[in-house]
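Undergrad: Submitted below is the structure of interest, expressed as structure tokens.
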Amino acid sequence: MPPSAHILIYVIMGTTALQVLLFIIKKRLAPKQPVAAHIQQQLDLTRRALDAAPVAMGMVDLHGRLTFANQALITLWGYGQAGDMQDKALVDFFLDPVEVIAGMQALKKNRAWQAEIAATHHDGSRFQIEVHAHPLPGHDGKPLGFTAHFTDPTERRKVEQKLRKLAYYDSLTDLPNRIMLQDRMNLALGHAARLGESVILFTLDLDNFKQINESLGHAKGDAILRQLATRLGKTIGQGDTLVRWGGDEFVLLLTGYQDEAAIAREARRILDSVSEHPFELDGSEVFTSASMGIALFPRDGEEQETLLKHAETALYEAKKHGGNVYQFFSEPLQQKIVALHQMDVNLRRALRQEEFFLAYQPQMDLRTGRPVGIEALVRWMHPQLGLISPAQFIPLAEESGLIRPLGKWILRTACREAMSWWNAGRPSLRLAVNFSTQQFRQTDMLAEIESVLQETGFPAHLLELEITESAFLENMADAIEVLVDLKTRGIQIAIDDFGTGYSSLSYLKNFPIDRIKIAQTFVRDIPADPEDMAIVDAIIAMATRLGLELVAEGVEMPEQMQFLRECGCHIMQGFHFAKPMPAAQMADFLCRSWPMQSTDGAQASLHCP
Ligand code: C2E
Ligand code: CA
């Protein structure tokens, strides 16, 4: 029988029982009348139904005597049969008569009575029971007595405990969760405020949890989180709190530290506990590390929310330093974050309001004296702040993800403007567009490039993407695949700022790269720095051997040009030749680069209209 059917039967029987019980009471109170046979039958049935019910139930008259006890109630109190209990005063079954009498008085005033009280078992032993009693009104509304049922409070407590656990604890690690943290923080902050003490809030998260999850699977990721919870639990003191905030982020609430040096030592100790030993996963071992943000009460905030926000801010900053690092919150840090946020808002507006434009810098071939390529460099003309350098806003655009729409705008604009030069008769040169690592890892990058090429009509073989070595850092195999795809479409690849990033050179021979750009850092101090000169010389020799083309960046002085030339690099870019210039000026520059001797001997430009 389905459970709903049971419920229905109990309800029906319950209703009948109540009617019959009312009848019994009336009978006890009213003069005796002959009972019809079918009523007797119903009475028996009801009695049996009440005895079969798993709930202990009883009835009490207005004098406080137990007039009815079902089988469950008799068993609960350890008596043999109903007669053993019946007609006895209710108070006799409980330890505290005062409480029972108070309950009876409430019932007499037509109020329900519910309480957990100590009861006395038939054998004299004591047990806790929960009473749920209600007045039983007669037809005239006056109370006839009371009905009561009794439940075991330990069951309720177990359920409550279970619910509490679900609400306040994290099911994966069994640690308190963020709701519990609120309670603990309330207590800790209130206590510290009264005693003039400080509270330390650490926020901690793993440095490479995303990769662990992706490469090893979520089950192993969960196993690491469980081990991490145990490990962190061992590092903290008895009165301290460790909470799983969510994902791989944990919050530690510590008290009793006075100076920053001691807090820093504690932070280091906790971070070391994560990084110094491997996590065990079915026989294999995984090493990982964590980063930590620190906020102090009351120095960094007096409210829970502020402290948590500031510890998060510090964690965010710590993350930028490559992992296994802790960072204290500070006012300058806050100002920096606010400024970054403001910059992000401004950048988004700038993209909408077309405050960006492109500057172009030629790459000169010294053997012909003419440009062979043009690099597009983005500029931001802020309505109030004036010109802002890409070195300032590109990293932020990368961080916020805005680099994607901005990158697409740059590519489209560069292709469109270059096409307008070619269409106006300028020679078609290679167009180099800077591509950030984030753009390079974009799954729809190729489709996006193709759509821009199609839209602008720019030929793929004249497009060069300048990428930095960091694009290959995370996944070499994926990077090769993308590069091969680009090459198949005829797009050229240059490694920007060569020598400043990734240390392995093996990619140079494995990857389909067209040219490398010698970073400005190495060119800047030529001819003063013999070490930079040795590095530049070695880069040129290596690239030449590998059949890669070279472009030297940041050439400002004739001595630099001379040295590079002697080493075998003939293509250069830098202020010595031309500074980056707006599109219209670039069109003129291209004209001037191809002078033609006219019939009357005057100079004219071959490609200019
Ligand atoms: P980069 O790709 O290394 O660009 C070369 C930078 O050197 C440019 O700075 C250029 O103006 C500057 N430069 C060129 N010749 C000389 C010289 O002789 N002396 C000196 N001191 N500097 C020279 P810019 O335009 O400020 O760009 C800075 C960086 O911002 C770029 O470095 C590049 O990493 C990034 N960037 C610029 N435009 C874009 C873009 O459109 N997309 C992306 N993703 N990044 C860009
Ligand atoms: Ca570049």
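Undergrad: If I ask for residues that are farther than 24 Å from Ala52 by Cα and not in a helix (DSSP H, G or I), which ones from segment 76-113 would you list?
TA: Kept after step one, since they are farther than 24 Å from Ala52 by Cα, are these residues of segment 76-113: 89, 91-92, 94-113.
Selection gives Ala89, Phe94, Leu95, Asp96, Lys109, Asn110, Arg111, Ala112, Trp113.
Undergrad: One residue is enough: does segment 421-429 have a residue meeting the conditions over 14 Å from Met343 (Cα atoms), among the aromatic types (Phe, Trp, Tyr) and within 11 Å of ligand 1 (Cβ to nearest atom)? Reasoning before the result, please.
TA: First pass over segment 421-429, keeping only residues over 14 Å from Met343 (Cα atoms): 421-429.
Filter again for among the aromatic types (Phe, Trp, Tyr), leaving 421-422.
Subsequent filtering for residues that are within 11 Å of ligand 1 (Cβ to nearest atom) retains none.
For segment 421-429, residues over 14 Å from Met343 (Cα atoms), among the aromatic types (Phe, Trp, Tyr) and within 11 Å of ligand 1 (Cβ to nearest atom): absent.
Undergrad: If you don't mind, another one. Which is under 27 Å from Met292 (Cβ atoms) and either away from ligand 1 (no atom under 16 Å from the Cβ) or in contact with a helix residue (DSSP H, G or I) (Cβ under 8 Å, 6 or more places away or on another chain) (or both), of Leu377, Leu333, Leu366, Leu358?
TA: Details: Leu377 fails: under 27 Å from Met292 (Cβ atoms); Leu366 fails: under 27 Å from Met292 (Cβ atoms); Leu358 fails: under 27 Å from Met292 (Cβ atoms).
Of Leu377, Leu333, Leu366, Leu358, the one residue that is under 27 Å from Met292 (Cβ atoms) and either away from ligand 1 (no atom under 16 Å from the Cβ) or in contact with a helix residue (DSSP H, G or I) (Cβ under 8 Å, 6 or more places away or on another chain) (or both) is Leu333.
Undergrad: Asp174 is checked against (1) in a helix (DSSP H, G or I); (2) loosely packed, with under 15 Cβ neighbours inside 10 Å and fails just one. What number does that condition carry?
TA: (1)
Undergrad: Of all strands (runs of 3 or more DSSP E) completely enclosed by segment 363-438, which ones contain at least 2 residues that are buried (at least 17 other Cβ atoms within 10 Å of the Cβ) and of a type in the set (Gly, Ala, Ser)? Give the derivation first.
TA: Working: elements: 370-382, 386-388, 430-434.
The qualifying strands (runs of 3 or more DSSP E) are 370-382.
Undergrad: Let me ask something additional. Considering only residues that are more than 16 Å from ligand 1 (Cβ to nearest atom) and of a type in the set (Ser, Thr, Tyr), which ones fall in segment 457-501?
TA: Scanning segment 457-501 gives a single hit, Thr488.
Undergrad: Output the strands (runs of 3 or more DSSP E) that fall wholly within segment 456-538 and possess 3 or more residues being under 23 Å from Thr443 (Cα atoms) and within 16 Å of ligand 2 (Cβ to nearest atom), or say none.
TA: Working: elements: 463-467, 492-498, 515-518.
It comes to 463-467, 492-498.
Undergrad: Being closer than 21 Å to Pro137 by Cα, out of contact with any helix residue (DSSP H, G or I) (no Cβ under 9 Å at 6 or more places or on another chain), assigned by TED's automatic domain parsing to the domain that holds Ala133 and at pLDDT below 90 narrows it down to one residue among Ile7, Ile24, Ile12; which is it?
TA: On the way: Ile7 fails: closer than 21 Å to Pro137 by Cα; Ile24 fails: out of contact with any helix residue (DSSP H, G or I) (no Cβ under 9 Å at 6 or more places or on another chain).
Ile12 is the lone residue from the list that is closer than 21 Å to Pro137 by Cα, out of contact with any helix residue (DSSP H, G or I) (no Cβ under 9 Å at 6 or more places or on another chain), assigned by TED's automatic domain parsing to the domain that holds Ala133 and at pLDDT below 90.
Undergrad: Scan Thr230, Thr203 and give me the residue that is part of a strand (DSSP E or B) and of a type in the set (Ser, Thr, Tyr). Can you show your working first?
TA: Numbers: Thr230 fails: part of a strand (DSSP E or B).
The match here is Thr203.
Undergrad: Being within 13 Å of ligand 1 (Cβ to nearest atom) and within 21 Å of Pro580 (Cα to Cα) is the filter here; which residues of segment 404-420 pass it?
TA: Filtering segment 404-420 for residues within 13 Å of ligand 1 (Cβ to nearest atom) gives 404-415, 417.
Of everything in segment 404-420, those that are within 13 Å of ligand 1 (Cβ to nearest atom) and within 21 Å of Pro580 (Cα to Cα) turn out to be Leu406, Gly407, Lys408, Trp409, Ile410, Leu411, Arg412, Thr413, Ala414, Cys415, Glu417.
Undergrad: Listed residues Thr120, Thr154; which is farther than 30 Å from Gly256 by Cβ, among the polar types (S, T, N, Q) and surrounded by 15 or more Cβ atoms within 10 Å (Cβ to Cβ)?
TA: Details: Thr154 fails: surrounded by 15 or more Cβ atoms within 10 Å (Cβ to Cβ).
Only one candidate passes the filter, namely Thr120.
Undergrad: In segment 237-253, which residues are surrounded by 14 or more Cβ atoms within 10 Å (Cβ to Cβ) and either in a helix (DSSP H, G or I) or touching a residue at least 24 places away in the same chain (Cβ under 8 Å) (or both)?
TA: First, the residues of segment 237-253 that are surrounded by 14 or more Cβ atoms within 10 Å (Cβ to Cβ): 240-245, 248-253.
Correct list: Thr241, Leu242, Val243, Arg244, Trp245, Asp248, Glu249, Phe250, Val251, Leu252, Leu253.
Undergrad: Under the condition of being β-branched (Val, Ile, Thr) and out of contact with any His (no Cβ under 9 Å at 6 or more places or on another chain), which residue from segment 254-293 is surrounded by the fewest Cβ atoms within 10 Å (Cβ to Cβ)? If you could, list the steps in order and put the result at the bottom.
TA: Looking only at segment 254-293, we keep the residues that are β-branched (Val, Ile, Thr), and these are 255, 263, 270, 274, 286, 288.
Add one more test, that the residue is out of contact with any His (no Cβ under 9 Å at 6 or more places or on another chain), and what stays is 263, 270, 274, 286, 288.
Working: Ile263: 19, Ile270: 21, Val274: 24, Val286: 17, Thr288: 19.
It comes out as Val286.
Undergrad: List, please: which pairs have Cβ atoms under 9 Å, are six or more places apart or on different chains, and start with a residue in segment 356-376 that is assigned by TED's automatic domain parsing to the domain that holds Leu406 and within 18 Å of Leu463 (Cα to Cα) and end with one that is β-branched (Val, Ile, Thr) and loosely packed, with under 15 Cβ neighbours inside 10 Å?
TA: Matching pairs, first to second residue: none at all.
Undergrad: Test Gln33 against the criterion of being part of a loop (DSSP other than H, G, I, E, B) and either modelled with pLDDT under 55 or within 20 Å of Gly145 (Cβ to Cβ) (or both), and give yes or no.
TA: Working: part of a loop (DSSP other than H, G, I, E, B): yes; either modelled with pLDDT under 55 or within 20 Å of Gly145 (Cβ to Cβ) (or both): yes.
When the stated conditions are applied, Gln33 passes them.
Undergrad: Tell me, yes or no, whether segment 503-521 has at least one residue that is under 21 Å from Asn434 (Cα atoms), among the aromatic types (Phe, Trp, Tyr), under 43 Å from the mean Cα position of the chain (by Cα) and assigned by TED's automatic domain parsing to the domain that holds Arg416.
TA: Checked against the condition, which is being under 21 Å from Asn434 (Cα atoms), among the aromatic types (Phe, Trp, Tyr), under 43 Å from the mean Cα position of the chain (by Cα) and assigned by TED's automatic domain parsing to the domain that holds Arg416, segment 503-521 yields at least one hit.
Undergrad: Restricting to segment 180-223, count the residues that are without any contact (Cβ under 8 Å) to a residue 60 or more places away in the chain and more than 23 Å from Gly256 (Cα to Cα).
TA: 11
The values are calculated or read from the model by the stated rules, or taken from the named source; none is laboratory data. A quick note: this is a predicted structure, and the numbers were derived from the prediction, not measured. Glycine also receives a Cβ, built like all others from the backbone with ideal geometry; neighbour counts cover every protein chain displayed.
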